[in-house]
1. Any idea which of (1) open to solvent by 20 Å² or more (accessible area, probe 1.4 Å); (2) modelled with pLDDT under 95; (3) closer than 19 Å to Val190 by Cβ is the one Glu16 doesn't satisfy?
2. What number of residues in the stretch 287-299 are more than 16 Å from the ligand (Cβ to nearest atom) and touching a residue at least 12 places away in the same chain (Cβ under 8 Å)?
3. For the stretch 19-33, which residues satisfy the criterion of being open to solvent by 50 Å² or more (accessible area, probe 1.4 Å) and either outside the structural domain of Ala121 (by TED's automatic domain parsing) or more than 28 Å from Leu291 (Cβ to Cβ) (or both)?
4. Return the residue satisfying two criteria in turn: it lies in the stretch 363-383 and is part of a helix (DSSP H, G or I) and within 14 Å of the ligand (Cβ to nearest atom), and of such residues it is surrounded by the fewest Cβ atoms within 10 Å (Cβ to Cβ).
5. Counting just the residues of the stretch 276-301 that are out of contact with any Pro (no Cβ under 8 Å at 6 or more places or on another chain) and of a type in the set (A, V, I, L, M, F, W, C), which one comes out surrounded by the fewest Cβ atoms within 10 Å (Cβ to Cβ)?
6. Which number in (1) within 16 Å of the ligand (Cβ to nearest atom); (2) open to solvent by 10 Å² or more (accessible area, probe 1.4 Å); (3) outside any helix (DSSP H, G or I); (4) not small (Gly, Ala, Ser) marks the one condition that Asp152 misses?
7. Does any residue of the stretch 73-82 turn out to be of a type in the set (Asp, Glu) and open to solvent by 50 Å² or more (accessible area, probe 1.4 Å)?
8. Name the pairs whose Cβ atoms lie under 9 Å apart, with the first residue in the stretch 300-317 and closer than 16 Å to Asp335 by Cα and touching a residue at least 40 places away in the same chain (Cβ under 8 Å), the second of a type in the set (Ser, Thr, Tyr) and more than 12 Å from the ligand (Cβ to nearest atom), and 6 or more positions between them or separate chains?
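The values are calculated or read from the model by the stated rules, or taken from the named source; none is laboratory data. The model shown is predicted, which means the values in this text are computed figures rather than measured ones. Neighbour counts run over all protein chains shown; Cβ positions are idealised from the backbone, glycine included. These area figures cover heavy atoms from the full protein model, side chains too; ligands, DNA and RNA do not enter into them. Shrake-Rupley method; radii C 1.70, N 1.55, O 1.52, S 1.80 Å.
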Amino acid sequence: MSTGKFGDYGGQYVPEALMPAVEELTDAYERYVLENEDGFMEDFRERLRDFGGRPTPLQRADNLSERYGYDVYLKREDLVHGGAHKLNNALGQVLLAKYMGKERIIAETGAGQHGTATAMACAYLDMPCEIYMGRTDVNRQRPNVYRMRIHDAEVNPVDIGSGTLKEAINETMRDWATNVEDTHYVIGSVVGPHPFPEMVREFQSVISEETREQAQEKLGGLPEAVVACAGGGSNTMGAFHHFVEDEEVDLYAVEAGGSSLTVDAEEGYAPHSASLSTGTEGVLHGARTKLLQTEEGQIVESHSVSAGLDYAGVGPELSYLVDEGRVTPANVGDDEALRAFHRLSRTEGIIPALESSHAVAYLEDLESEGPVVVNVSGRGDKDLDTVIEESEKRGIEEAPDMEVYL
Ligand SMILES: *Cc1c(COP(=O)(O)O)cnc(C)c1O
């Protein structure tokens, strides 16, 4: 059995009650995913194609290329069914649970993106689905709650603490520990105890597998750099994986710089979520990794204008690749992300997710001799309310002038 260690990072820091669950899952992951037992991987790929709409295009962004003086290519994960890369993983895990003979799926969600992707995959594969979501998040994300309900998922509001992602994760872990026999817990990023970081990366690595092939075809070789945003890091590891061995390809993980890179240790608050750039080593959600914490080891509350990047930790493999010098951490603030959101919408006809806008924004800082691939992890229709409000509040110049319509 693989150990799930990336240097010092990773591992299985879980309560005794969860050990049987992670061991059973590790065994199933090795058999079905790594050894392709019962043709699991062919089945997965066919469903990614027919249900998920893969492969997604690698598209040259003509106007951005002109702006930056090097070729910019966009990996269009915004075109995956559901509007983001999240389905790649949700579909893989729900299908794996079916192969394992599980009869019930649970998951947690913060902003609702992962919950929606899981609910969608469960409806498609006819699996009962329950999503845990903090009460505060339920109240501020009503359309996403409705979306999950449309797909016939139960949404369980969590009334503990601040009623956000952290509490929802704890409740889902508790449910899993009590219902190990018939239940699979779908984690939404390359985080959590082994085998999740490796398994989610395998499901998401279809992104770099396609990109590599498409680059050979379109550029006649490898790109100079690949840029992706990092919350937990699943689109990031997915976009990087098949390039990690190609030392000549630079890999940039762009985190949310929020409003500044400071930490208010006394208040336990950081106005950013740049765990790769500023975090320290600790254990969060079952794995050792880089995270935002006080000197006493309390997890600090993070912030980003984009809900999907707002997480105090990051996947252990990314932490390791940063320490090894293979991945360069970068960060982009809220305002720059909003500007990039409008820039891509205006000049290329693509509305990016606010998460993806961080990756797009990094092009403003990046100098390159050759072609650069940016992973557009999702589409931004879900972010319009936030963008309208925040662009006006911050006086973002690139935003459309709406005054005559008031
Ligand atoms: C959830 C989400 C992210 C952040 O998650 P990662 O695991 O870091 O990829 C990025 N982009 C979009 C569109 C998302 O929905």
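1. Every condition holds for Glu16 apart from (3).
2. We begin by selecting, within the stretch 287-299, every residue more than 16 Å from the ligand (Cβ to nearest atom); these are 288, 293-299.
Next, from what is left, pick out any that are touching a residue at least 12 places away in the same chain (Cβ under 8 Å): 288, 293-295, 297-299.
Of the residues in that region, 7 qualify.
3. The initial filter retains those residues of the stretch 19-33 that are open to solvent by 50 Å² or more (accessible area, probe 1.4 Å), namely 20, 23-24, 27, 31.
Matches in the stretch 19-33: Asp27, Arg31.
4. First, the residues of the stretch 363-383 that are part of a helix (DSSP H, G or I): 363-364, 381-383.
So of that shortlist, the ones also within 14 Å of the ligand (Cβ to nearest atom) come out as 381-383.
Numbers: Asp381: 10, Lys382: 23, Asp383: 25.
This residue is Asp381.
5. Taking the candidates together, the pick is Val283.
6. Tallying (1) within 16 Å of the ligand (Cβ to nearest atom); (2) open to solvent by 10 Å² or more (accessible area, probe 1.4 Å); (3) outside any helix (DSSP H, G or I); (4) not small (Gly, Ala, Ser), Asp152 fails exactly one: (1).
7. Taking the stretch 73-82 and keeping what is of a type in the set (Asp, Glu), we get 77-78.
The next check asks that each one be open to solvent by 50 Å² or more (accessible area, probe 1.4 Å); those that pass are none.
Within the stretch 73-82 (the criterion being of a type in the set (Asp, Glu) and open to solvent by 50 Å² or more (accessible area, probe 1.4 Å)), the answer is no, since none of the residues qualifies.
8. Pairs that qualify, where the first residue is closer than 16 Å to Asp335 by Cα and touching a residue at least 40 places away in the same chain (Cβ under 8 Å) and the partner is of a type in the set (Ser, Thr, Tyr) and more than 12 Å from the ligand (Cβ to nearest atom), are His303/Ser259; His303/Tyr269; Val305/Ser259; Val305/Thr386; Ser306/Thr386; Ala307/Thr386; Leu309/Ser302; Asp310/Ser302.
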